[in-house]
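Read through the structure below, which is laid out as structure tokens, and then see the notes.
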Amino acid sequence: MENKKEIDIISLIIWVMNFIKRYLLILIISVVVGAGIGLIDYFFGKNYYDTKFIASSPVINNQIVYELVEPIKYFVNNEMYDSVSVKLDVSIDIAKNIRKIELDTSISQAVVFNLQLYNMDNTVEIKNGLVNYINSIPYIKSSIETRRKELEKYLKDLNAEIDELNKLQNTILQKAESNSGINLSMDNMFNEMMLLYDRKLLLQTEYNSLQSFKVINNNMIFTADNSLLKSLFVYSFLGLFLGLILCTIIEVKRQIKLKTKEV
């Protein structure tokens, strides 16, 4: 059984070697043509750059932002630059500089915008356009405004409760300062007052943080996506792959002819 497997493997190796030898010229031409196309793409193709920026808001769910940006991604992918221009409030020429937009929503209270741009000169306009587009959506505005009104009501009720407790404390102090029972009551009121102030501080902090999306990294780094070695490798491999398909088709036709003649 093992001898048969060894014979089959050796036969396969011999067949592959004969296949390569028979179609070596076609394979070489395919690789050379692929490499040539790679050179043309590198020197004459449209190069683009990768960059990213981070926008943060403590209010909005990141997944919702991802869905809200989907129309922009669709317009870019389908080269509907007039729609991109309207949505981002930029010129069509600037919109045409956008090759791709991707979002990373895995960071808490922040969204990473990964951009592929043909031109680095209009990055600020594109960045501001994306952030303004998100912030102008009624849902975003409504979410922030609704939460602010809720916190304003909580803070108002809390301040009223603090005022009442202060008045009660002053009244008790005026009645009797030496009574031990009253001192115990004062201790309880002091603890309650501290809890109310801690609660107020937390609510005030949340209220102050209720802001629309803002960019938190202004120093954007650009990396050129196109490179000579990458172009040569990708297109040479693609040429070899297509060459193998062509050779396989030719070989199948040759085998069919041989079988037909034998019949």
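Within region 1-102, which helices (runs of 4 or more DSSP H) (wholly inside it) include 3 or more residues that are within 26 Å of the chain's Cα centre (by Cα)? If you could, list the steps in order and put the result at the bottom.
Working: elements: 2-22, 24-44, 62-77, 81-88, 92-95.
So the answer is 62-77, 81-88, 92-95.
Does region 175-196 contain any residue that is at pLDDT 75 or above, assigned to a helix (DSSP H, G or I) and either closer than 29 Å to residue 99 by Cβ or open to solvent by less than 60 Å² (accessible area, probe 1.4 Å) (or both)? The answer is yes; a qualifying residue exists. Would it be correct to say that residue 86 is β-branched (Val, Ile, Thr) and open to solvent by less than 90 Å² (accessible area, probe 1.4 Å)? The answer is no for residue 86. For region 240-252, the criterion of being within 30 Å of residue 150 (Cβ to Cβ) and modelled with pLDDT of 85 or more is satisfied by no residue at all.
Pairs linking a residue in region 64-81 that is on the phi < 0 side of the Ramachandran plot to a residue that is basic (Lys, Arg), with Cβ atoms under 6 Å and 6 or more positions apart or on different chains, are 72/87; 81/96.
Please specify each residue of region 119-144 satisfying the condition of being over 27 Å from residue 207 (Cβ atoms) and more than 17 Å from the chain's Cα centre (by Cα). Reasoning before the result, please.
Applying the first criterion (over 27 Å from residue 207 (Cβ atoms)) to region 119-144 yields 119-127, 129.
Selection gives 119, 120, 121, 122, 124, 125.
Restricting region 103-118 to residues that are surrounded by 16 or more Cβ atoms within 10 Å (Cβ to Cβ) and without any contact (Cβ under 8 Å) to a residue 60 or more places away in the chain, the residue that is nearest to the chain's Cα centre (by Cα) is 103. Only residues that are among the hydrophobic types (A, V, I, L, M, F, W, C), modelled with pLDDT under 90 and assigned to a strand (DSSP E or B) were counted in region 103-126, giving 4.
Yes or no: region 150-168 includes at least one residue that is open to solvent by 70 Å² or more (accessible area, probe 1.4 Å), polar (S, T, N, Q) and modelled with pLDDT under 90. Taking every residue of region 150-168 in turn, none turns out to be open to solvent by 70 Å² or more (accessible area, probe 1.4 Å), polar (S, T, N, Q) and modelled with pLDDT under 90.
The values are calculated or read from the model by the stated rules, or taken from the named source; none is laboratory data. Bear in mind that the values here come from a model prediction, so they are computed numbers and not experimental data. FYI the Cβ positions are ideal-geometry reconstructions off the backbone, even for glycines, and counts take in every protein chain you see. Just so you know, the surface numbers come from the protein's heavy atoms only, side chains and all, with ligands and any DNA or RNA stripped out. Shrake-Rupley method; radii C 1.70, N 1.55, O 1.52, S 1.80 Å.
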